[in-house]
Amino acid sequence: MTDSTGVSEVERFLYDEAALLDGGRLDDWLALFTDDATYWIPLEAGQQDQLTSASIVFDDRRLLGIRVAQFTHPRAHARMPAPRTVHQVGNVRVLADDGHELRVRSTLVMIEFRRERQRTWGATVEHRLRRIPDGLRIAAKRVDLVNAEGELDGIVAIF
Amino acid sequence: MERLFGRAWLVLGHESQVLAPGDFLTTRMGREPVIVVRHVDGSIQVLVNRCAHRGSRVCEGPRGHARQLVCPYHGWTYATDGTLCALPLAEGYDRSPIGVEELGLRRVPRVETYRGFIFASLAPDGPSLLEFLGPLRASFDDLVERAPAGEVEVAGGVFKHAYRGNWKLVLENHNDGVHPAFVHASSIWAARNGAPWDVWEKTGLWVARYGHSWMGDYHDDTRLVAALDHPVFREYRAALERRLGPERTARVLGELRWNSLVYPSCSFMSQFRQLRIIHPIAVDRTVVHAYSFRLKGAPQQMFRDTIAFANVVNGTASPVLTDDLEVYERVQDALTASRNEWVELGRGHGGDVPDRDGTLRGRTGTSEIHIRNQLAAWLEYLDMGGPEGRADAPAMAPQSAQRSEAPRQSRNAPRPA
């Protein structure tokens, strides 16, 4: 499915998701996830397991809700102010589509600015997107940061 | 760096990380890059990771396996005890005043293990490891005794988080019972899991010689892990009872330690199987490596709980940890203010209670006794070398924990560099 400008439905969805994050609309972003969704940032390259191997983030929908809610608290020290970001999504490829769910891989370059400091992130992102009557929802999102195994300062921004 | 990290016993890792001969890990002891390697005779060697020839790092990467350690620059080759065993064009040294056979990777003079944990000291002399650990041994015992098979192993990946602040900030924070209500206000609010002041006040806080401390009687297992009547916990308890019997099992599970601090390099949670090693990188830069442990013989679900706990508490993007790091950086920034040189560490001062094994207990769990104790140890380590640099002086025992009255310097301590 491609609109009149040649952008596919999947690409449109990923761009819209990025726009919600860059616009600070975290509640709307959270609403893109299904109730059984997971949001995963592995600690190791090629990590296969979430349960017996530690992760930079491994949130179910409830933990992701807590993560998002924390931004709204007046004493969320590391999140107040929230970082300003640009999420640049590219190289979008649909790896599988069984009519019910799609597996989509993309690359992400994200630039973050907070408290006089700019950080640059690169990642490979894999979405499992579920078709619902009014479009697509995220059933799982995996973000493999190129520097996941490095010595990293605290991560507050959402990928 | 020389007088403290160059003398104290530092935690380097755990035997399970270097099981087979040739297994190695690389780490730092203060400024020294070191290799921790299992030698062919089964001993654990700690070698300075710097080639004797032109100074390249010999072992690369956090972990590896090698029969011999070969420098990438000119191929100097060392055995796993640091002995130089091969080098190219050896005849070129036949007129050298220094016999190349005497060259090798420098060995760190003292290496010992306690319950599987690897410690080393860069000083040839000083207190033994057991003397250094003192009553803190019980925290390591607690971690290991909780394993039904009587052993633990490092598993599940290593978090490496960093902050732009001094290494002391993290150690001063870990047994601070007042900060959660403020630093973690947003996490507590979002997750609805705060504890009233009363809980912190009643928590036990002990300090020992050499700057160590631990917090105890904090949470019982019903608060933070699987409920006591959960089938997984019942299965675990039964496995533990098979080794220890019901009485000792009750004693082991009744030991409720939160953070135990091995000054100046380590902070660990025996009850929750987490261990953090603190690496001072620069006056305003610190890296912390956080490890999880698997209790051998315990149900697999217990380790899954450990990992879930690690993600939330030690994860680099943890809602909890990120606020700690933020505040360390704000402290580091603002301490450069020159119009106030002092910090106030007086909570609980004068109320310390002598307790068993030469420890002192804070009057309440929110006493700042642990910070006063750390700075008293810091001061004594730094004094040891003296302005004349008495390099031969034995690494003396800071007597801080035996003082009934904390020294005045540490009630209102100037922030050391």
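The values are calculated or read from the model by the stated rules, or taken from the named source; none is laboratory data. Note that the structure is predicted; figures quoted are calculated from it, not measured. Backbone-built Cβ (ideal geometry, glycine too); neighbour counts: all protein chains shown.
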Could you check the range B:160-208 and list, in sequence order, the residues that are farther than 27 Å from B:Thr26 by Cα and charged (D, E, K, R)? B:Asp176, B:Arg192, B:Asp198, B:Glu201, B:Lys202
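At least 1 residues that are out of contact with any helix residue (DSSP H, G or I) (no Cβ under 7 Å at 6 or more places or on another chain) and β-branched (Val, Ile, Thr) in each: list the helices (runs of 4 or more DSSP H) lying fully within the range A:1-71 that qualify. Walk me through how you get there before you give the answer.
Values: elements: A:9-22, A:26-30, A:61-70.
Helices (runs of 4 or more DSSP H) meeting the threshold: A:9-22.
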Taking the criterion of being more than 25 Å from B:Gly134 (Cα to Cα) and of a type in the set (Asp, Glu), would at least one residue in the range B:336-351 satisfy it? yes
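Residue-wise test of (1) β-branched (Val, Ile, Thr); (2) farther than 27 Å from B:Ala208 by Cα; (3) touching a strand residue (DSSP E or B) at 6+ places or on another chain (Cβ under 7 Å).
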site	(1), (2), (3)
B:Ile277	yes, no, yes
B:Ile281	yes, no, yes
B:Tyr291	no, no, yes
B:Leu321	no, no, yes
B:Leu345	no, no, no
Counting only residues that are closer than 24 Å to B:Trp167 by Cα and loosely packed, with under 14 Cβ neighbours inside 10 Å, how many does the range B:32-66 have? 1
What are the pairs with Cβ atoms under 7 angstrom where one residue, in the range B:24-44, is more than 12 Å from B:Gly13 (Cα to Cα) and the other, located anywhere, is surrounded by 21 or more Cβ atoms within 10 Å (Cβ to Cβ) and at pLDDT below 95? Sequence gap at least six, or different chains. none
Among the residues of the range A:23-36, which ones are surrounded by fewer than 14 Cβ atoms within 10 Å (Cβ to Cβ) and acidic (Asp, Glu)? A:Asp27, A:Asp35, A:Asp36
Look through the range B:113-137, keep the residues that are more than 20 Å from B:Arg3 (Cβ to Cβ) and free of Cβ contacts under 8 Å to residues at least 24 places away in the same chain, and return whichever of them is surrounded by the fewest Cβ atoms within 10 Å (Cβ to Cβ). B:Leu130
Only one residue in B:Ser270, B:Ser292 is within 12 Å of chain A (Cβ to nearest Cβ) and surrounded by 23 or more Cβ atoms within 10 Å (Cβ to Cβ), so which one is that? B:Ser292
Could you check the range B:321-335 and list, in sequence order, the residues that are among the hydrophobic types (A, V, I, L, M, F, W, C), within 10 Å of chain A (Cβ to nearest Cβ) and over 14 Å from B:Arg276 (Cα atoms)? B:Leu325, B:Val327
What residue, among those in the range A:120-159 that are in a loop (DSSP other than H, G, I, E, B) and of a type in the set (A, V, I, L, M), is nearest to the other protein chains (Cβ to nearest Cβ)? A:Ile155
Which pairs do you get when a residue that is more than 22 Å from B:Phe117 (Cα to Cα) and in the same structural domain as B:Phe159 (by TED's automatic domain parsing), found in the range B:278-304, comes within reach of a residue that is at pLDDT below 95 and of a type in the set (Gly, Ala, Ser), reach meaning Cβ atoms under 7 angstrom, with the pair 6+ apart or on two chains? B:Val283/B:Ala417
Can you tell me which residues in the range B:334-351 are surrounded by 13 or more Cβ atoms within 10 Å (Cβ to Cβ) and in contact (Cβ under 8 Å) with a residue 60 or more places away in the chain? B:Leu335, B:Val343, B:Leu345, B:Gly346, B:Arg347, B:His349
Could you please find all residues in the range A:45-62 being more than 8 Å from chain B (Cβ to nearest Cβ) and closer than 13 Å to B:Val312 by Cβ? A:Asp59, A:Asp60, A:Arg62
Counted residues in the range A:108-131 being at pLDDT 95 or above, farther than 14 Å from A:Val10 by Cβ and not small (Gly, Ala, Ser) come to 13
Close pairs (6 angstrom Cβ cut-off, 6 or more residues apart or separate chains): on the phi < 0 side of the Ramachandran plot in the range B:172-195, assigned to a loop (DSSP other than H, G, I, E, B) and of a type in the set (A, V, I, L, M) anywhere: B:Ser186/A:Ala76
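Every residue, every condition in (1) farther than 30 Å from B:Gly211 by Cβ; (2) within 25 Å of the chain's Cα centre (by Cα); (3) of a type outside the set (Phe, Trp, Tyr), yes or no:
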site: B:Ala52; (1), (2), (3): yes, no, yes
site: B:Tyr78; (1), (2), (3): yes, no, no
site: B:Thr83; (1), (2), (3): yes, no, yes
site: B:Leu87; (1), (2), (3): yes, no, yes
site: B:Arg95; (1), (2), (3): yes, no, yes
site: B:Gly104; (1), (2), (3): yes, no, yes
site: B:Arg110; (1), (2), (3): no, yes, yes
site: B:Gly116; (1), (2), (3): no, yes, yes
site: B:Phe119; (1), (2), (3): no, yes, no
Quickly run through the range B:273-289 and pick out the residues that are more than 19 Å from B:His370 (Cβ to Cβ), of a type outside the set (A, V, I, L, M, F, W, C) and surrounded by fewer than 24 Cβ atoms within 10 Å (Cβ to Cβ). B:His279, B:Asp284, B:Arg285, B:His289
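Any residue at all in the range B:76-93 that's β-branched (Val, Ile, Thr) and in contact (Cβ under 8 Å) with a residue 40 or more places away in the chain? Let's see the steps before the verdict.
Just the residues of the range B:76-93 that are β-branched (Val, Ile, Thr), to begin with: B:77, B:80, B:83.
Narrowing the set further to residues that are in contact (Cβ under 8 Å) with a residue 40 or more places away in the chain leaves B:80.
There is at least one residue in the range B:76-93 that is β-branched (Val, Ile, Thr) and in contact (Cβ under 8 Å) with a residue 40 or more places away in the chain.
Take the range B:192-218 and flag every residue that is part of a helix (DSSP H, G or I) and crowded, with 19+ Cβ neighbours inside 10 Å.
Let us first name the residues in the range B:192-218 that are part of a helix (DSSP H, G or I), namely B:197-202, B:209-211.
Passing the criteria: B:Trp200, B:Arg209, B:Tyr210, B:Gly211.
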All-but-one check, A:Thr72 against (1) farther than 18 Å from A:Leu20 by Cα; (2) within 14 Å of chain B (Cβ to nearest Cβ); (3) surrounded by fewer than 18 Cβ atoms within 10 Å (Cβ to Cβ), failing number (1)
Residues in the range A:75-119 that are within 14 Å of chain B (Cβ to nearest Cβ), aliphatic (A, V, I, L, M), in contact (Cβ under 8 Å) with a residue 12 or more places away in the chain and over 16 Å from A:Ala18 (Cα atoms) total 1
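Any idea which of B:Leu25, B:Leu4 is more than 13 Å from B:Tyr78 (Cβ to Cβ), aliphatic (A, V, I, L, M), crowded, with 18+ Cβ neighbours inside 10 Å and not assigned by TED's automatic domain parsing to the domain that holds B:Val100?
On the way: B:Leu25 fails: not assigned by TED's automatic domain parsing to the domain that holds B:Val100.
Going through B:Leu25, B:Leu4 in turn, just one is more than 13 Å from B:Tyr78 (Cβ to Cβ), aliphatic (A, V, I, L, M), crowded, with 18+ Cβ neighbours inside 10 Å and not assigned by TED's automatic domain parsing to the domain that holds B:Val100: B:Leu4.
Going by the structure shown, is B:Glu2 modelled with pLDDT of 95 or more, under 25 Å from the mean Cα position of the chain (by Cα) and either more than 28 Å from B:Phe293 (Cα to Cα) or not small (Gly, Ala, Ser) (or both)? Steps first, please.
Numbers: modelled with pLDDT of 95 or more: no; under 25 Å from the mean Cα position of the chain (by Cα): yes; either more than 28 Å from B:Phe293 (Cα to Cα) or not small (Gly, Ala, Ser) (or both): yes.
For B:Glu2, the condition - modelled with pLDDT of 95 or more, under 25 Å from the mean Cα position of the chain (by Cα) and either more than 28 Å from B:Phe293 (Cα to Cα) or not small (Gly, Ala, Ser) (or both) - is not met.
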